[in-house]
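Structure first, then comments.
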Amino acid sequence: MADTRQWTRRNIVRTGAAVAAGTALAGCISDGDGGSGDGSGDGESYSVSMPPVDEVEFEGVPETWVANNGSWADMGVALGRDPPEALWMPSRYHTRYYDEVPDVSIDGGSIDALYEDGDGVDKEKFYDHDADVHVIDPNFLQNRYDGWEESDIEDVAGVGPFFGNSIFSREYDWHDDYEYLTLYEAFEKLSQVFQEEERYEAFAELHDEFQSTLEDVVPPEEERPAVAVLWPNGDGTFLPYVINEGTSFKQWRDLGVRDALAESDVEDFHSSRGQIDYETLLEVDPDVILCRGNEDASAEEFRETVVADMEADAAGGELTAVRNGDVYRGGPLYQGPITNLVVTQRAAEQVYDVDEQLFDPEAVSDIVNGDA
């Protein structure tokens, strides 16, 4: 990593000592050998460990929280919690997915935005929310937004500890020094923070059953389509996303599709920050085009806007996926356990013409609402 220091366990330990000396918190940072309580939320402390901050000690179950993105927000909802008070960009937390699950509804409009166009992320926002825990990778803050220094992380950790790992992508160089987590590994860690391990276990069992069902849906490898995941800019250019082990591609990995971009010379957007045009896309010519950035649009709205624009373009209209009607919404950047079930169901319908329900929405509702 270039000029920005990694946020490490040593930094967290030092911050924890300063905080413990002068502040009473619902959650505080441990010195590494803190004990674990019984999880009853009655005042006994317990600790949870996750890279990069490692061990964090909580004096009680956090009540107020803010989070990085919709992946963590969805995990919290799955664990029966209220959504976080603030997210980086609430517009990318697509709560309409909950329409597919009975008796689960979230008011996304009540979530504050930490990020403001042109101003980045103002540290004062964190003080405004006075959260018991910040479910955010501190290295993401320092490496993705100008103006954040190690001292700023320490200041905010004095309000409530950081506990997060950037799991949605695997293409950030600054993340190479510590472990990535899968969706369910991260979900389990958050369940321990909120002392909701039983809900996690119920979801994990449901997810295992879902994976078994998918095995019967995925065709032999030679029959699977080559797909391209793109973010349309609206001007005939696209941000290319190579499918990797990040959580934002989980549905496509689980469905075993081929990645047309990975088979080409096109570089992933997260690593190159580059874009491609129709001419380059024609050289790749994927069987299926999956467009990000349109998750708030219905399928019909998507066809009338993005797909119509591609059909109207001289080069775009020549693409195999456009000619065959195989251009779809490609899923969100951020997905948690509920979102993943919903978007994987939709993805199976898109690429494999599945017409049966692959998971039980009522079972999801029962877990979220504590009726399982």
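For the stretch 243-263, name all the residues that are assigned to a loop (DSSP other than H, G, I, E, B) and either open to solvent by 40 Å² or more (accessible area, probe 1.4 Å) or modelled with pLDDT under 95 (or both).
Matches in the stretch 243-263: Asn244, Glu245, Gly246, Ala262, Glu263.
In the stretch 246-264, what residues are in contact with a helix residue (DSSP H, G or I) (Cβ under 9 Å, 6 or more places away or on another chain), closer than 20 Å to Asp287 by Cβ and not aliphatic (A, V, I, L, M)?
Our first condition is that a residue be in contact with a helix residue (DSSP H, G or I) (Cβ under 9 Å, 6 or more places away or on another chain); within the stretch 246-264, this holds for 246-248, 250-252, 254-261, 263-264.
Add one more test, that the residue is closer than 20 Å to Asp287 by Cβ, and what stays is 251-252, 254-261, 263-264.
Result: Gln251, Trp252, Asp254, Gly256, Arg258, Asp259, Glu263, Ser264.
Out of Leu341, Leu290, which single residue is closer than 30 Å to Glu205 by Cα, in a strand (DSSP E or B), touching a residue at least 40 places away in the same chain (Cβ under 8 Å) and out of contact with any His (no Cβ under 6 Å at 6 or more places or on another chain)?
Residue meeting the stated conditions: Leu290.
Taking Leu230, is it assigned to a strand (DSSP E or B), in contact with a strand residue (DSSP E or B) (Cβ under 8 Å, 6 or more places away or on another chain) and open to solvent by 10 Å² or more (accessible area, probe 1.4 Å)? Step through it out loud before you land on a result.
Numbers: assigned to a strand (DSSP E or B): yes; in contact with a strand residue (DSSP E or B) (Cβ under 8 Å, 6 or more places away or on another chain): yes; open to solvent by 10 Å² or more (accessible area, probe 1.4 Å): no.
It is false that Leu230 is assigned to a strand (DSSP E or B), in contact with a strand residue (DSSP E or B) (Cβ under 8 Å, 6 or more places away or on another chain) and open to solvent by 10 Å² or more (accessible area, probe 1.4 Å).
How many residues are surrounded by 15 or more Cβ atoms within 10 Å (Cβ to Cβ) and in contact with a Gly (Cβ under 8 Å, 6 or more places away or on another chain) when one looks only at the stretch 194-205?
4
So, of the residues in the stretch 110-142 that are open to solvent by 10 Å² or more (accessible area, probe 1.4 Å), under 27 Å from Glu179 (Cα atoms) and without any contact (Cβ under 8 Å) to a residue 60 or more places away in the chain, which turns out to be farthest from the chain's Cα centre (by Cα)?
Looking at the filtered set, the residue picked out is Lys123.
Filter the stretch 175-191 down to residues that are outside any loop (DSSP other than H, G, I, E, B), open to solvent by less than 20 Å² (accessible area, probe 1.4 Å) and not small (Gly, Ala, Ser), then give me how many there are.
Start the filter on the stretch 175-191 by keeping residues that are outside any loop (DSSP other than H, G, I, E, B), which leaves 175, 183-191.
Narrowing further to those that are open to solvent by less than 20 Å² (accessible area, probe 1.4 Å): 175, 183, 186-187, 190-191.
Right, trim to not small (Gly, Ala, Ser) and you get 175, 183, 187, 190.
Residues meeting the conditions: 4.
Out of Glu188, Glu171, report the one residue that is touching a His at 6+ places or on another chain (Cβ under 7 Å) and of a type outside the set (Ser, Thr, Tyr).
Numbers: Glu188 fails: touching a His at 6+ places or on another chain (Cβ under 7 Å).
None of the others qualify; the one that does is Glu171.
Hey, which of the strands (runs of 3 or more DSSP E) in the stretch 45-163, taking only ones fully inside, have at least 3 residues that are not β-branched (Val, Ile, Thr)?
46-50, 54-58
The values are calculated or read from the model by the stated rules, or taken from the named source; none is laboratory data. Note that the coordinates shown come from a computational prediction; the quantities given were computed from them, not determined experimentally. Positions of Cβ are generated from backbone atoms using ideal geometry, with glycine treated the same way; all protein chains shown enter the neighbour counts. To get the accessible areas, we keep the full protein, side chains included, count just its heavy atoms, and leave off ligands, DNA and RNA. Shrake-Rupley method; radii C 1.70, N 1.55, O 1.52, S 1.80 Å.
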